[in-house]
């Protein structure tokens with residue numbers, strides 16, 4: 001499936017009612033940004049992580065990361081470097097014009113995750129077509145701990161000089177799941193519907209007088225109901241070549257169910273026969 005790298009791009013755009021930095025498939029050749037997210041004293045271990053949302057055209061957001069940062073990296077000393085960690089993005093369906101929004105959070109040991117500062121590191125993709133996003137993302141952060149007048153600054157940088165990014169951002173065109181046809185159940189339901197219609201709406205038929213004639217007529221009516229039900233059920237099959245095969249199997253299946261009752265064993269047996277002859281249905 002297609003996958004690519006998404007770079008934390010240091011230029012803002014207005015997408016789905018959100019004016020923020022972007023996630024591009026290419027790096028900015030000239031521009032970089034550094035944001036200070038939190039401060040403390042004395043020096044404590046710093047943590048950086050991301051949270052991820054899908055965002056609709058009207059600005060409604062649905063979080064994918066369950067409320068806490070993932071792909072977390074740490075830094076214990078003053079200085080700067082690029083660090084990475086992974087997160088498995090669950091398969092997430094995007095509708096037309098939805099975007100993915102990634103927000104970078106930080107904290108120091110004993111503190112709370114936050115995005116403080118005047119310029120929060122939020123990033124959005126472009127609007128999408130109907131796709132599914134997933135994959136084991138590798139998230140790269142350029143992290144800083146700086147010291148100024150006895151106060152430690154925890155920073156995050158991105159853009160040309162720092163190369164913060166997400167690798168293995170994987171996607172595929174959305175394919176709706178195939179409907180479960182349940183041919184045997186459909187045949188039984190259609191047979192019952194036809195029988196009820198026959199009994200209540202078809203007029204002008206005289207009931208036979210002898211018990212044997214009643215039994216013979218009842219059998220013929222049931223047989224015709226099953227026939228109608230099976231013919232309606234096989235219309236669900238897109239492959240016309242499979243319809244006659246399925247019809248024969250369904251007639252035998254519904255006839256046996258009529259005689260021996262509907263049991264799990266009987267249903268499983270004929271579903272297996274159908275799967276063998278026409279494929280999973």
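The values are calculated or read from the model by the stated rules, or taken from the named source; none is laboratory data. Note that the structure is a prediction, hence the values are computed from the model and not measured. Note: ideal-geometry Cβ built from the backbone for every residue, glycine included; neighbour counts use all protein chains shown.
A few comments on the model shown:
- Odd one out for residue 119 among (1) over 26 Å from the mean Cα position of the chain (by Cα); (2) at pLDDT 95 or above; (3) surrounded by fewer than 15 Cβ atoms within 10 Å (Cβ to Cβ): (2)
- Test for residue 63: is it more than 21 Å from residue 140 (Cβ to Cβ) and in contact with a strand residue (DSSP E or B) (Cβ under 6 Å, 6 or more places away or on another chain): yes
- Residue count for region 54-63, restricted to those that are in contact (Cβ under 8 Å) with a residue 24 or more places away in the chain and within 12 Å of residue 103 (Cα to Cα): 1.
- For region 1-48, the set of residues classified as in a loop (DSSP other than H, G, I, E, B) and within 26 Å of residue 135 (Cα to Cα) consists of 1, 2, 16, 25, 26, 27, 28, listed by residue number.
- The single residue among 100, 131, 136 that is in contact with a strand residue (DSSP E or B) (Cβ under 9 Å, 6 or more places away or on another chain) and over 25 Å from residue 17 (Cα atoms) turns out to be 136.
- Among the candidates 132, 185, residue that is under 29 Å from residue 238 (Cα atoms) and either assigned to a strand (DSSP E or B) or modelled with pLDDT of 90 or more (or both): 132
- Restricting region 15-53 to residues that are touching a strand residue (DSSP E or B) at 6+ places or on another chain (Cβ under 8 Å), touching a residue at least 60 places away in the same chain (Cβ under 8 Å) and farther than 24 Å from residue 154 by Cα, the residue that is surrounded by the most Cβ atoms within 10 Å (Cβ to Cβ): 16
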